[in-house]
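Right, one structure below, let's go through it.
The values are calculated or read from the model by the stated rules, or taken from the named source; none is laboratory data. Small disclaimer: the values here were computed from a predicted structure and weren't measured. Every residue, glycine among them, receives a Cβ derived from its backbone with ideal geometry; neighbour counts consider all protein chains shown. Each accessible area value is taken on the protein alone, full model and side chains, heavy atoms only, with ligands, DNA and RNA left out. Shrake-Rupley method; radii C 1.70, N 1.55, O 1.52, S 1.80 Å.
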Amino acid sequence: MISIDEYEANLCRVSSVPYWKMITIKKPDNITLVHDADYIAEQNYQGVDTLYFRLIHYLENVEPINLEKTFAYKNVDTDSVNDLEEVDSIINKSYTDIQVDFNQVSQWTRAEVFDKDLWIFIIDVYKQKPVALGIAKLDKNVREGSLEWIQVIPEYRKRGLGQAVVNRLLLNMVGKADFVTVSGQVNNITNPEKLYRRCGFQGNDIWHVILK
């Protein structure tokens, strides 16, 4: 097991996931994780290889983003069935290959790394409906924040809402975390890496996630 000190020394290099995931979630036997620096192209890894970036933000120079008057920030009421159903709905509308259900979303609120200030919506003021979502986790032992879900429903994309959600979460973690990490697929057609770098994330670590 990697210690906290070893992790913090070069965290995006030593682990493909946040520290809390590394110590609590067992990696499935059919998945192999290889940092790009250790990847040997000639080796037969026998599986579908998907590349993931891992970036870090040190919460410096985070400035608030003012939304257009047609939008507003709103904290997710994690005690509200209606709000948790909206979280479920936004995630499912945003993906074709990932679906979650209410029970999963509700379970996230009971995790040790849950922080109610790190669940936010952006709402369409006129329709009074959430159109973007941000969820982050906070590991108080390591003082690591991690972005977990950043979604904008398809019809509201390319309006700066993704950057606004990320920025709002970063602001909410100032004073709580020393750094924030995020990962995502390198070749995703929505190009999440571009969004995160625009928000101030940095790094060049790439992980091969090989599914047998």
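Name the chymotrypsin sites (Phe, Trp or Tyr not before Pro) in the stretch 60-148 that are in a loop by DSSP and that have at most 13 other C-beta atoms within 10 Å, would you?
Hits after loop and neighbour filter: Tyr95, Tyr126.
Place a point 7 Å from the Cα of Asn204 along the Cα-to-Cβ direction; which residues of the stretch 14-48 have their backbone N under 15 Å from it?
Counting backbone N atoms under 15 Å from the label point, the list is 36-38.
Working out 0.36 nm times the residue gap between Ile25 and Ala9, then minus their Cα-Cα distance, what length gain in nm do you get to one decimal?
Contour length minus the Cα-Cα distance gives 3.6 nm.
Can you sort Leu133, Leu211 by 1.4 Å-probe accessible area, starting with the largest?
Sorted descending by solvent-accessible area, the residues read Leu211, Leu133.
In degrees between 0 and 90, to the nearest 10, how far off the longest principal axis of the chain does helix 161-173 point, with axes built from Cα atoms?
80
Could you give the length gained on full extension between Tyr45 and Arg197, defined as 0.36 nm per residue of separation minus the Cα-Cα distance, in nm?
Using 0.36 nm per residue and subtracting the Cα-Cα distance, I get 51.7 nm.
Near the amide H of Phe179, under 5 Å away, which other amide H atoms are found, from residues 5 or more places off or on another chain, if H is placed in the peptide plane?
Gly145
Could you go through the stretch 138-145 in sequence order and give the Karplus-derived ³J(HN,Hα) for each residue, using 6.51 cos²θ - 1.76 cosθ + 1.60 with θ = phi - 60°, rounded to whole Hz, and x for Gly and Pro?
10, 8, 5, 6, 9, 6, 10, x
With r defined as the distance between the Cβ atoms of Gln104 and Lys74 and R0 fixed at 25 Å, what FRET efficiency is calculated, to the nearest 0.05?
Efficiency computed from Cβ-Cβ geometry: 0.70.
For Met1 and Asp178 in one chain, what is 0.36 nm times their gap in residues minus the Cα-Cα distance, to one decimal in nm?
Full-extension gain reported as 61.5 nm.
With a cut-off of at most 15 other beta carbons within 10 Å, and DSSP calling the residue loop, which chymotrypsin sites (Phe, Trp or Tyr not before Pro) in the stretch 1-43 qualify? Please list them.
Loop-located and lightly packed - Tyr39.
Evaluate the distance, in nm, between pseudo-label points positioned 7 Å from the Cα of Gln185 and of Lys116 along their respective Cα→Cβ axes.
Label at Gln185, label at Lys116, 3.5 nm between them.
Under 18 Å Cα to Cα from Lys158, which aspartates and glutamates show up? Leave out anything in the same chain fewer than 8 places away.
Hits, sequence-local ones excluded: Glu68, Asp124, Glu193.
Which entries in Lys137/Lys212; Lys26/Lys129; Lys137/Lys194; Lys93/Lys194; Lys93/Lys176; Lys26/Lys137 show an alpha-carbon gap greater than 26 Å?
Table pairs above 26 Å Cα-Cα are Lys137/Lys212; Lys26/Lys129; Lys93/Lys176.
Using +1 at the Cβ of each Lys and Arg and -1 at the Cβ of each Asp and Glu in the chain, identify which of His208, Ser89, Ala37 lies farthest towards the dipole's positive end.
It is Ser89.
Mind checking the angle between helix 81-94 and the chain's longest principal axis? C-alpha axes, 0 to 90 degrees, to the nearest 10.
60
Sort out for me the Cα centre separation of the stretch 1-17 from the stretch 178-212, rounded to whole Å.
Value for the Cα centre distance between the two parts: 17 Å.
Whole number in Å², please: accessible area per residue of the chain, 1.4 Å probe, ligands, DNA and RNA not counted.
I get 55 Å² per residue for this part.
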